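Just below is one structure, and these are the notes that go with it.
Every number here is computed from the coordinates shown, using simple stated rules; none is lab data. This structure is a prediction, so every number in the text was calculated from the model and none was measured. No Cβ is skipped: glycine too gets one built from the backbone with ideal geometry, and neighbour counts run over all protein chains shown.
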Amino acid sequence: MKYNKLSIFAVTALLASSVFCACSKDDDESDSEQENMKRNLKFDGAISDEYQGKYIVQVMNKDSLILEADTIDQVSVFVEGNQIQEMIFRNFPLDKLTALVNKYEKWLPFEVSSISDRDISSPYTKEYVEKDDMMVMRHKPSTVSLTAKRPFLDLDYRVYYSFSDNDTAYNVPIKDIYGHHALGNCDIKIRLEKIIGENAIILERTNDSNYNYIVLFQSRQIIK
């Protein structure tokens, strides 16, 4: 079968165009990945620091009305960026939180006493939203275990506090990640979602829950 020169030229041009488009697409994707990597590094560096502030431990009803609150001053949160990407809540107020739970949930089948406040970690993730030109940061606090007793029984067992990630999104404008810290003067929320004991859920927050238990960290300044 014979092909004329015009047909051969057309096929050659089509193949060359396909190769060019593929290379161009690959280059665009590579540039986008590099830009995203640079942006992530800037964000991690901008929020990485230790923030001084206070905890506000709150109990709310289903209408988000604050029924009771307690404040713990002179505390801090350390944000580790770069490869680790987590927040460390220093001396997280487990004692105050448990006192409120015990007060408002009188039916709970356990008692917790002599609780030591402790540091808890909260890994974070980040996502760039192009249309708003901002980074969205979310964090998920680690589950905390406590030793509990059944009322009137000298029997120890473990209960676990699990925290929600539904209330932990923070919008950080891109312009702010070029400064020395991007989480200064913000409120960082941790909400108790579940209490688990003996492989069963003892308490779970739902839309119909009578009470919600929240620890709010309010940062005031950065520690240098």
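Place a point 7 Å from Cα of Gln218 in the direction of its Cβ. Which residues in the stretch 90-105 have their backbone N less than 17 Å from it?
Within reach of a label on Gln218: 93.
Using label points projected 7 Å from each Cα along Cα→Cβ, tell me how many nm separate Thr71 and Tyr160, to one decimal.
3.5
If r is the Cβ-Cβ distance from Asn91 to Val129 and R0 is 45 Å, what FRET efficiency results, to the nearest 0.05?
0.85
Which of the peptides 150-161, 36-47 is most tightly packed, and how do the rest follow, judged by the mean count of other Cβ atoms within 10 Å per residue?
36-47, 150-161
Report, in listed order, any pair from Lys126/Lys175; Lys38/Lys140; Lys131/Lys189 with a Cα-Cα distance greater than 18 Å.
As for pairs spanning more than 18 Å Cα to Cα, those are Lys38/Lys140; Lys131/Lys189.
For Asp208 and Ser30, what does the FRET efficiency come to when R0 = 45 Å and r is the distance between their Cβ atoms, rounded to the nearest 0.05?
That pair, Asp208 with Ser30, gives E of 0.35.
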